[in-house]
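Quick notes on the structure that follows.
Values in this text are rule-based calculations from the coordinates and carry no lab data. Computed from a predicted structure; not experimentally measured. Using ideal geometry, Cβ is built from the backbone for each residue, glycine included, and neighbour counts are taken over all protein chains shown.
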Amino acid sequence: MLKPKKVSRALVLGNKKLIDQAVETLHDLSCVHIEDFTEETDFLSIGKPADVASDASNKLIKLRSLSNFLKVKPKYSDNLLNEESLLNEFDAKLDEMESAVSGLLDRRSVLESEGKNIDTYINDLQPLSTFPLDVEFYSGYKSISVRAGYIRGSPTEIETDIKNITTHCDLLFTAYNKANVVALFSPVEHTSAINEILDKYSFSELHIPELTGEPGKLLAGFNNRKEDIQAELESLENEITNLQSKYSDFVLASDEMLSITTQKAEAPLRFAISENTFIIDCWITDDQFDNAVQVIEERFNGSVFLTKLDIEKEEIKTETIPVEYDNPELVKPLETIMNLYSRPIYKEIDPTAIIFITFPLFYGLMLGDIGYGLVLLTLGLIGKAKLRSEGLKPLATLLIYCSISTLIFGILFAEIFGFHLFGHHSVVAELIGEHTALGEIFYNFHALPILDRLNEVPTLLIVTALIGVLHLNLGYLIGFRNEAVKHGIKTAILGKISWIILQIGVIIYAAASMEYLPAYSAIIGAAVAVLAVVMLIAGEGGTAILELPSMLTNILSYTRLAAIGLSSVGIALAINKIAVETLFPEGGLFIILGIIVLILGHTLNTVLGVVAPGLHSLRLQYVEFFTKFYSGGGREFNPFGYIRKYTEEK
């Protein structure tokens, strides 16, 4: 905790004939992060994949193609398929599934193609449907030119212009889709002149389909066929759904089996191979090293062995060392927050355990309500029980942590859905009567709230600013440690401790100015602050002066803890006043309306309560806290192996 797991650079060496068994062993151990071998020499070359690689890869491609067609999605499954049984039936079942899918695919392709053709016919026929002519009358003439299409302008003007050329013409007009459609029959010898007139009116020609019959009747037939096609496609989708249900477990298990086979078969592409030996450059966590050595020794009796390299002697850059978190189970859900930002580099402090405390703390301080806390706790518990996704389950656990913090602060603030629990405004005392035994207890109990947020805003702002000071200085202290490890004590003091000294100087000066300290303390405070600035310039250069105002803005940024909390309380208070003081006294249906206002209003405020405190708490970690010490950019420790979800080993 606070540091990633200790890892060591290692080599796996062995007889080339045993490479397949070595791959199987390392895959079973699932604790070795393999580095790709890329620099070939006269003696070493990149290994070749196993013979099964090509076949497994082709089958995997085919399987995933079928899976995409059936829309099979990953899911949680308690039904693990035996790998050996699956392998025995795989080819036959894959062929069976491919045959079924191919038939459906062909049918869908034919139907969709026909549907597109019908849509084209419908689009072509609709503009002609109001003309009293069958479709075949628009073509097939030797001495008559037929033009049909859209035009801009007055039909009367067009007709006049054309009759100035020839009176031996028929001109039909109609309106379609807010445009004018014209059908013109004229002698072929006037085609050129008429085309010039049509161009003048922005003529856009229609496509006349090669059909026979009345457009209206043809349209009706096409529309009926379109409905039939849609019904057939819906039926086909039901068949696809049935196939998906039938083959889903097989597809997921087979994908996993083939992925594992491919991963193992292609592993030698990452190894260095000589004439008789293979070499695997890798990383391994120290807590797994002894067990891995023992397993390899038992299986290969010295023909393959695992040995550590000295990282310091190899002069390996810290940034290249893969990082594996080392946090207890309680803290692990917060690794999701870390991964959203960046994984720490190897020798850097891992702040996961710190934000395990500060993230829910800030969240609860902002929301701070028993009612909302209980709602969020319920949602978190349901999510943890129902969600199977590795990405979403930690968020459900994180919501539980935040809801517990919200409950604690809700008790301290003595608020439940914006109502006061204790004092002269106690909702309990109002409901059961302040003169009853229980009502008097709630009415006269003054130990809680420890802070009335709406009536003690200045105090709340001061408290949140002080929290900011503590949080930021914790960041500077961690930054001091990180800098000391990377660049030495001097750089760490000048770059990080100087900021703490600056704050001390400012505090002394401010306290003296407000007469909390003797007057001469102001000179001491000013001198300390000046010393800190000199240290900053020495450590970070002249640009450090430009960063001085950021100290104040960073501290003030923590007052959002108060602001977000006050906004939540304000919304809850407004909802309660509308329901309790405006609607309830009217009686009758207004009571029902008031209950609806309470339910809908507090539901909306709960949604805001999930989002706003989460985002702002996250911002305080990322923007204010992490920037004081955190570099990030670490590589993920990715062990060679596979986490099975749908299959069990032979």
Check on Leu470, touching a residue at least 40 places away in the same chain (Cβ under 8 Å) and in a helix (DSSP H, G or I):
no
Determine whether the stretch 601-615 contains at least one residue that is polar (S, T, N, Q) and farther than 26 Å from Leu379 by Cα.
no
Kindly indicate whether any position in the stretch 485-502 is in a helix (DSSP H, G or I), touching a residue at least 40 places away in the same chain (Cβ under 8 Å), surrounded by fewer than 19 Cβ atoms within 10 Å (Cβ to Cβ) and of a type outside the set (A, V, I, L, M).
yes
Select from the stretch 382-418 the residues that are under 17 Å from Met366 (Cβ atoms), in a helix (DSSP H, G or I) and not aliphatic (A, V, I, L, M) and list them in ascending order.
Tyr401, Cys402, Ser403, Ser405, Thr406, Phe409, Gly410, Phe413
In the stretch 248-278, residue surrounded by the fewest Cβ atoms within 10 Å (Cβ to Cβ) [restricted to those that are in contact with a Leu (Cβ under 9 Å, 6 or more places away or on another chain) and outside any helix (DSSP H, G or I)]:
Ser274
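Which of the residues that make up the stretch 61-83 are basic (Lys, Arg), under 24 Å from Lys393 (Cα atoms) and in contact (Cβ under 8 Å) with a residue 60 or more places away in the chain?
Of the stretch 61-83, the ones basic (Lys, Arg) are 62, 64, 71, 73, 75.
This time we only want the ones that are under 24 Å from Lys393 (Cα atoms), so: 71, 73, 75.
Of everything in the stretch 61-83, those that are basic (Lys, Arg), under 24 Å from Lys393 (Cα atoms) and in contact (Cβ under 8 Å) with a residue 60 or more places away in the chain turn out to be Lys71, Lys75.
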Per the filter on the stretch 178-232, residues surrounded by 12 or more Cβ atoms within 10 Å (Cβ to Cβ), touching a strand residue (DSSP E or B) at 6+ places or on another chain (Cβ under 7 Å) and part of a loop (DSSP other than H, G, I, E, B) are Tyr201, Phe203, Leu206, Ile208
If Asp281 meets every condition in (1) under 38 Å from the mean Cα position of the chain (by Cα); (2) assigned to a helix (DSSP H, G or I) apart from one, which number is that one?
(2)
The condition of being within 30 Å of Trp283 (Cβ to Cβ), surrounded by fewer than 20 Cβ atoms within 10 Å (Cβ to Cβ) and either more than 28 Å from the chain's Cα centre (by Cα) or touching a residue at least 40 places away in the same chain (Cβ under 8 Å) (or both) holds, among Gly633, Gly570, only for Gly633
Which of the residues spanning the stretch 70-110 are of a type outside the set (A, V, I, L, M, F, W, C) and either in a loop (DSSP other than H, G, I, E, B) or crowded, with 17+ Cβ neighbours inside 10 Å (or both)?
Lys71, Lys73, Pro74, Lys75, Tyr76, Ser77, Asp78, Asn79, Glu83, Arg108
